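Remarks on the structure that follows.
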Amino acid sequence: MIKNRTSLLRYHKSKALRDSLNALEFALKTCSPEVLVKDAVELNNDIKIGDIDGKKRSFPLPKTRSILVIAVGKASEKMMNGLFSKLHDKISKGILIVPKGYDISEQQQSFLRNVTVIQSSHPIPNTRSLFASKSVVRELQNLDNIDMVIFLISGGSSSLIVSPLPGLALSDKREINRILISCGADINEINIVRKHLSQIKGGKILRFLNPRRQVVSLILSDVVGDDLSTIGSGLTYYDNSSFGDAISILRKYSIFAEQSDSIPKVSDVLKRGLGDNSLETVKLDEFQTLSTDNFLIGNNSNFCQKIISHLTSLGYVVDYKGSNLNMSTTEFLMFAKEAVNHLNKDKTAIVVGGELTTVIDKSKKGIGGRNQESICKMIKSLVIPKGSDYCIICFGTDGIDGSSKSAGGFLSPFTLESLRLKGLDVNSFIESHNSNLILKDLHSTIETGYTGTNFNDVYLFVKRS
């Protein structure tokens, strides 16, 4: 799963790194979306679906070939595989929406009978994202002989399937998305704005269905706090935010002052929404009239627990700091300093999950991401006792960190020694947002390609000796 594992261990010769990479691979395998879907769905005289907390609900058994499946997100293909293995003869047809470049073998496509595969765009939507939305809506409006619609939703859905409100072009959605990401807005704020510029997000896609039609969503969380109204911009869930909230977020980051042709159009649409309740997202009272059930079946906490289980089996004492880390890369540096100070015994580790934010200078479009930038800031500032066998890893579970093709980066004694011998200036790479370039030169990136999952990011501080 970690494609450059052999070369990393050859260069770094670190048992702490070896143990950490093993733990990551164990978590990726045991938290496979395919496995999680299989575990969530039981088929007997009815269909039982259980969530991550073990709560289950039963649904009448649909007749043969009477289920429509809509899978969207970075984990969509593996989730679809898991569902087909359980409900194969009950599924009539499906739509599978994956990021462009995600490889699906011919054998796998033949297994997914009557499934239309759409290669869409992430993290910036394009015309394929529009096509994906139109394809889904068309199917939802033609449900003859369909008893149940099952959505499989995972991180990345927000850009893979888009449908801007009238008055906005796709380019306007792309521009506001780019500005929000680069200004340091968190995922909750970004999704509030996205939902209020969309015809389908914030539960609005459900309005294309008969309210009595049974809809079931199996969801993997890629957001801190596991808020179902935020994951995938709340595609099949109700929303508590408003057009007023979206306007407040744009004001908070001074986005209305940005020099962009898209901003006036975004402003007009949001103001129109303030006065037209039909444009608002689905609220709780409306949602409660629908036959829609959402099940969270996987999250960052579960992924971290698998890492902890493996490290513990190797004799490590692990301190889990939770999965709600949500701060800037600069703030994370202070967290990292405290974590390193607490690793004062052999075979100790700290594991934490969440998502960091970083502000991107528009004039400096380098290659990197928040995880690799965090490692570079640690290289610059952390003081590590000499002679220790340790590693610090910042890892994106989806396999892609920012604008790079790496999943993340790490720091070991070899990283620092290699930096010294090469005479590289880490500051210049941080300032130009080129963290991937320097870490590749230091053999300190983790390469997985698309993992087919997405549980946010994980951070490991591991001391072997």
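General remarks:
- Additional length obtainable on full extension of the chain from residue 345 to residue 171, 0.36 nm per residue less Cα span: 57.3 nm
- Taking 7 Å steps out from each Cα toward its Cβ at residue 337 and residue 127 produces label points 5.1 nm apart.
- Solvent-accessible heavy-atom area per residue, rounded to whole Å², over the chain at 1.4 Å: 41 Å²
- Carbon + sulfur, % of accessible area of the range 175-239 - ligands and nucleic acids excluded, 1.4 Å: 47 percent
- At R0 = 60 Å, FRET efficiency that the Cβ-Cβ distance of residue 317 and residue 261 yields, to 0.05: 0.60
- Normalised contact order of the range 344-465, rounded percent, pairs of Cα under 8 Å and 6 or more residues apart: 43 percent
- Relative contact order (percent, whole number), the range 84-204, Cα cutoff 8 Å, 6+ residue spacing: 23 percent
- Considering only alpha-carbon pairs that sit under 8 angstrom and 6 or more positions apart, the relative contact order computed for the chain is 18 percent.
- Within the accessible surface of the range 272-411, defined with a 1.4 Å probe on protein heavy atoms only, the carbon and sulfur portion equals 51 percent.
- What you get for the range 176-308, charging only the Cβ of Lys and Arg (+1) and of Asp and Glu (-1), is a dipole of about 280 debye around the Cα centre.
- Computed extension gain for residue 268 through residue 35, at 0.36 nm per residue and net of the alpha carbon distance, reaches 79.4 nm.
- Accessible carbon and sulfur surface of the range 1-116 relative to its total accessible area, %, 1.4 Å: 46 percent
- Over the chain: helical MRE at 222 nm, DSSP H runs n ≥ 4 each giving -39500 (n - 2.57), nearest 500: -11500 deg cm²/dmol
- For the chain, the longest principal axis of the alpha carbon atoms and the long axis of helix 370-381 meet at an angle near 20°.
- If you wrap the tightest convex hull around every Cα atom of the chain and split its volume per residue, you get 136 Å³.
- Electrostatic tally near residue 328: other residues with Cβ closer than 14 Å to its Cβ, Lys and Arg +1, Asp and Glu -1, net -4.
The values are calculated or read from the model by the stated rules, or taken from the named source; none is laboratory data. This structure is a prediction, so every number in the text was calculated from the model and none was measured. Cβ coordinates were reconstructed from backbone atoms using ideal geometry, including for glycine residues, and neighbour counts include every protein chain displayed. Note: accessible area is taken over every heavy atom of the protein model, side chains too, but ligands, DNA and RNA are not part of it. Shrake-Rupley method; radii C 1.70, N 1.55, O 1.52, S 1.80 Å.
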